[in-house]
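Visitor: This is the structure, below, for whatever I ask next.
The values are calculated or read from the model by the stated rules, or taken from the named source; none is laboratory data. Since the structure is predicted, the reported quantities are computational estimates derived from the model, not experimental observations. Because the Cβ atoms are built from the backbone with ideal geometry, glycine has one as well, and the counts that use them run over all protein chains shown.
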Amino acid sequence: MNNGQHLARARHLEDVANGAKRYILAEILDMTNAVTTELENISGGANYDDFTGATSITGGASGLVPAPSIGDEDKFLRGDGTWATVSSDEYSLPTANATQKGGVIIGGGLSMVGDTLNVTISGGVSYADFTGATSIAGGLSGLVPAPAIGEENKFLRGDGTWASVARGGGLSSIVLSTVTSHAEGGLWYQIINTEPILKLRCGEYVYSFNPDGKTIDASANMICHLPFDNSITENTCGDDWIAGGIHPPDIYETPYAINGKAFMFNASGRVQSPTPITFGGRDFTIDFHAYVESSSPLWSGLFCARAVVDSSQKRSGVIWLVHNSNSGVMNVDIYDSNATRLVQSSISDVYDARRHFEIDYLHDNSTLKIFVDGQEKATYSVSIERLARDIWLGANIENGYVVGGYMDEFRMFDGIALHDSDFTPPTAADYF
């Protein structure tokens with residue numbers, strides 16, 4: 001390429017560069033003019049109108065918040081574009097129903113002032129006393145009637161009146177299911193000598209209560225009773241007993257005995273059970289009146305019971321009270337079914353007068369107590385087996401030795417102990 005060609009090419013490139021320069025300068029000028037215009041608008045302030053409020057038929061338009069006037073500081077901008085005070089008029093909120101899960105109505109006595117909900121009950125609510133029931137109509141709900149002065153111990157009846165709860169009235173007013181004496185358990189009553197006697201059976205035990213509700217009438221548990229009134233052997237609770245010995249005893253007339261008669265011990269007589277009597281293994285009581293004057297020989301029997309389960313064991317199951325003629329005391333001996341002695345004791349000052357004797361066995365705590373004239377004379381910790389025992393009165397069942405004196409009103413109770421502490425015995429008029 002020669003010099004002319006090089007010069008022409010250089011001029012062409014210069015023209016291209018000048019054209020690009022002019023284009024860029026034009027663009028920069030346009031952008032500068034646009035920015036200048038915007039800046040002029042901002043500095044001069046744009047003209048925006050307040051927003052247009054809505055009406056009941058037209059919507060509003062966006063715009064500036066209208067300036068509140070002096071005194072409008074507690075007002076609120078309404079949707080219509082005005083500043084206004086919130087009205088204290090009543091408002092309605094949705095009522096709760098199947099589809100509206102929440103809501104409440106303020107009105108009809110409810111009003112809201114600020115944060116305070118006011119409730120106004122006009123006319124009050126009135127309730128009447130409840131209506132009592134009758135034999136043919138039911139009652140109506142209502143207020144409890146006011147009790148009058150002096151009715152503080154009364155109770156409100158179903159008929160609407162205040163009344164005292166009846167007391168007493170006798171057992172004849174209580175309806176109980178009939179239960180036989182052979183039932184395993186139950187409660188019933190019987191009329192005995194025109195008086196209602198309440199009876200309670202628990203398994204094998206029968207308890208009878210006198211009308212006073214306190215004293216136990218143990219007649220239902222009596223298994224033996226020799227009154228010694230008309231016969232030496234009469235038993236009011238079963239088979240008559242047997243008068244035994246060389247010279248069988250008889251009824252003795254004395255002004256001190258119950259009904260004027262008593263069983264007289266003599267030198268060779270006794271009274272014995274016709275068959276063995278079962279007791280022990282549960283509570284029992286044996287009681288009688290006695291007066292021991294003398295005895296011969298040494299171990300003379302007053303009360304003797306024995307269960308001979310083996311002919312070689314003559315004292316198996318023995319329970320006896322015998323008179324020790326040497327010392328004048330009462331000896332107490334108890335043996336088990338193997339003829340093992342469990343108790344050997346003596347009690348003094350019991351044969352010096354006419355006495356009431358009582359033996360009480362408390363099975364639950366294995367305790368035997370002997371009372372003389374209602375006073376506890378001796379207590380033994382012993383377990384007495386339930387055995388069928390032959391019983392002799394007035395003679396020792398082992399050797400036949402008899403005592404001299406008298407006995408009256410012999411009784412035995414099975415399944416109940418009449419006493420477990422001191423008691424008032426029969427009066428002196430009941431002694432011999």
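Visitor: Sort out which residues of region 378-416 are part of a strand (DSSP E or B) and surrounded by fewer than 19 Cβ atoms within 10 Å (Cβ to Cβ), and write them in order of number. Outline the logic, then answer.
Guide: Going residue by residue through region 378-416, those that are part of a strand (DSSP E or B) are 378-381, 387-393, 395, 402-414.
The answer is ALA378, THR379, TYR380, SER381, ALA388, ASP390, GLY404.
Visitor: Does ASP212 count as buried (at least 16 other Cβ atoms within 10 Å of the Cβ), of a type in the set (Asp, Glu) and either at pLDDT 60 or above or closer than 30 Å to ASP364 by Cα (or both)?
Guide: no
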